[in-house]
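To keep things clear, I will list the structure first and then write my remarks on it.
The values are calculated or read from the model by the stated rules, or taken from the named source; none is laboratory data. Remember, predicted model here, so these are calculated numbers, not experimental data. Here the Cβ positions follow ideal geometry from the backbone for every residue, glycine too, while neighbour counts run over all protein chains shown.
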Amino acid sequence: MINNPIGTLSLSKREILRFFSVAGQTVFPPLVSSTLFMYIFGVAIGSRLDLSSTGMTYLSFIVPGLMTMHLISSSYENTSSSLFIARWHNHIQEVLLSPLSYFEMVLGLLAGGVVRAMVVSMGVFLVSLLFAHTVIQNPLLLLYFILTISVIFSCAGMMGALWAEDFGMLNVWNVYLIIPAVFLGGAFHPISILSRPLKIFSAFNPMFYLINGVRFSVTGVSDIPVQFCAAVSLLMAVFFFYSTVYLFKIGYKLRT
Amino acid sequence: MRNSDVAISIKNLTKYYQAFKALDNVSFRVKRGDFFAFLGPNGAGKTTTINVVTGLSNYQTGQVEVFGYNTVVEYPQSRRLIGLCTQESNFDPFLTIHQLLVYQAGYFGILPHVARRRADELIERFQLLEKRNCKHRALSSGMKKRLLLCRALIHDPEILILDEPTAGCDLELKFLIWDYLAQLNKEGKTIFLTTHYMEEAEKLCKTIGIINHGRIVRIGEKKEVLQDRSLESVFLEVTNPMNGGNHD
């Protein structure tokens, strides 16, 4: 599958260093907003909420939700902005003219999204230690979910970047689809408190499975069996990855 | 390389932009080691042909091969053999010119220490040393042209495709580029050049192809195409409708 490992690594390195070079815009803002979220909702308001049915405090409950939310938005934003700017300035041609296969191009471009998502989600977890002592229950499973979720949304970011015609369109999917789905998918509330119709609605929201996968990995508690969450995230990652490779192959908005 | 005698082979190539037929059943070959001038008026199909050969454009019918490698099916092999110097500068704005060349070499599978050395050699050869650690925005238009050439040459390609490389260059830079291209061709590199400067094509090239309205209207060795006339008069004859040139 990888015939040009040096090329793939070069592209990955460029994408990773790009977001590290502007860490003030890419890494720290989610950590600042998470700190505020945890203090206001987790500590100030959360201490008055009764979540005894889940066996957790509200703060412990929202930490995996916040990790997932930033995992998703960081990976999406990284690849969407990087690829869109490359299209805008037309320096995407540097990659398109190279002997990298379409598989390798997508792999190299998504590396930035995956690494940024890992850094940010672990940063959110470290910030949570300021407020509560949490021990990650399943570190390997957490790594699995971080990888699959970041692949899904890094690829979605590339699709968004290919689809967008201007900077205004770049965040349409994120603002109108992804973030609402994350909020409705149980990032900040347990499914048990919802009415029956909303519970059914949540079952059709893929974010519900991704958030519960991360929540189980961190706390050991989930609204649904974690095997199901793992299967959904893997299937989505494979689907989004190969769909993006296909778009590169047909040259969707990349070739005239 | 699979076929060492033919560098570029284009057979029955047709390309549409929506309803507009940009290339109409174009067929020609460029021999290995040739210095091929591909001429035509604005909008004739020169850049489209280049984009098809390099994989920047899709096409509807035909077959394009680079040293025997099909540019669609075997694109990693065909792209490895091509260096493209585009008409306009399109550099990554976040990278210095040295980084830009090193990354570009990396995409072609060149190890970092070799890439750094080669980037330094090209930067020195094209007199960009003082701008080595600057971003491309700090370069003048002539320097950007030189950087485009450096980028096209960083992986030591077998075929160098140049899309109007001297457009907007001062005389000194033009001569620098001409000398370098002549030297590369002497060393065995195949060069495919589009230009609007007839004297450039006449001075440098061995073979000339002229395209107009997406069709090849004249092609052959320089002597055969010119027949003791100037290239300018041949060009005007085959491209200007008033002179009976090919047009739709």
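Structure notes:
- Region A:75-104, residues that are without any contact (Cβ under 8 Å) to a residue 60 or more places away in the chain and either part of a loop (DSSP other than H, G, I, E, B) or away from chain B (no Cβ under 13 Å) (or both): A:HIS89, A:ASN90, A:HIS91, A:LEU97
- Evaluated against (1) at pLDDT 90 or above; (2) not in a helix (DSSP H, G or I), A:PHE188 falls short on exactly one condition, (1).
- Sole residue being under 20 Å from A:PRO206 (Cα atoms), touching a Cys at 6+ places or on another chain (Cβ under 9 Å) and aromatic (Phe, Trp, Tyr), chosen from A:PHE153, A:PHE145: A:PHE145
- Candidate set: region B:90-132, residues that are aromatic (Phe, Trp, Tyr) and part of a loop (DSSP other than H, G, I, E, B); chosen: the one farthest from the chain's Cα centre (by Cα): B:PHE94
- Options A:VAL232, A:VAL221; residue that is surrounded by 15 or more Cβ atoms within 10 Å (Cβ to Cβ) and either outside any helix (DSSP H, G or I) or in contact with a Lys or Arg (Cβ under 6 Å, 6 or more places away or on another chain) (or both): A:VAL221
- Residue check for A:LEU198: assigned to a helix (DSSP H, G or I), more than 14 Å from chain B (Cβ to nearest Cβ) and within 17 Å of the chain's Cα centre (by Cα): no
- Filtered residues of region B:1-49 (kept if among the polar types (S, T, N, Q) and surrounded by 23 or more Cβ atoms within 10 Å (Cβ to Cβ)): B:THR49
- Those helices (runs of 4 or more DSSP H) of region A:1-44 in which at least 3 residues are facing chain B (nearest Cβ under 10 Å) and out of contact with any Ser or Thr (no Cβ under 8 Å at 6 or more places or on another chain), considering only elements entirely within it, cover A:5-21.
- Test: B:VAL52 is crowded, with 18+ Cβ neighbours inside 10 Å and either assigned to a loop (DSSP other than H, G, I, E, B) or modelled with pLDDT of 95 or more (or both): yes
- Evaluating B:GLN87 against the criteria (1) at pLDDT 95 or above; (2) surrounded by fewer than 22 Cβ atoms within 10 Å (Cβ to Cβ); (3) within 14 Å of another protein chain (Cβ to nearest Cβ); (4) touching a strand residue (DSSP E or B) at 6+ places or on another chain (Cβ under 8 Å) leaves one unmet condition, (1).
- Residue under evaluation B:ASN25, criteria (1) assigned to a loop (DSSP other than H, G, I, E, B); (2) at positive phi, criterion not met: (1)
- Sole exception among (1) more than 10 Å from chain A (Cβ to nearest Cβ); (2) among the hydroxyl-bearing types (Ser, Thr, Tyr); (3) part of a loop (DSSP other than H, G, I, E, B) for B:TYR59, by number: (1)
- The listed residues are A:LEU130, A:LEU177, and the only one of them that is among the aliphatic types (A, V, I, L, M), in a helix (DSSP H, G or I) and loosely packed, with under 13 Cβ neighbours inside 10 Å turns out to be A:LEU177.
Per-residue answers, yes or no, for (1) surrounded by fewer than 21 Cβ atoms within 10 Å (Cβ to Cβ); (2) in contact with a strand residue (DSSP E or B) (Cβ under 9 Å, 6 or more places away or on another chain); (3) not assigned by TED's automatic domain parsing to the domain that holds B:LEU129:
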residue: B:GLY62; (1), (2), (3): yes, yes, yes
residue: B:VAL66; (1), (2), (3): no, yes, yes
residue: B:VAL72; (1), (2), (3): yes, yes, yes
residue: B:ILE97; (1), (2), (3): no, yes, no
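- Among the candidates A:SER202, A:SER195, A:SER243, residue that is at pLDDT below 90 and over 27 Å from A:SER34 (Cα atoms): A:SER195
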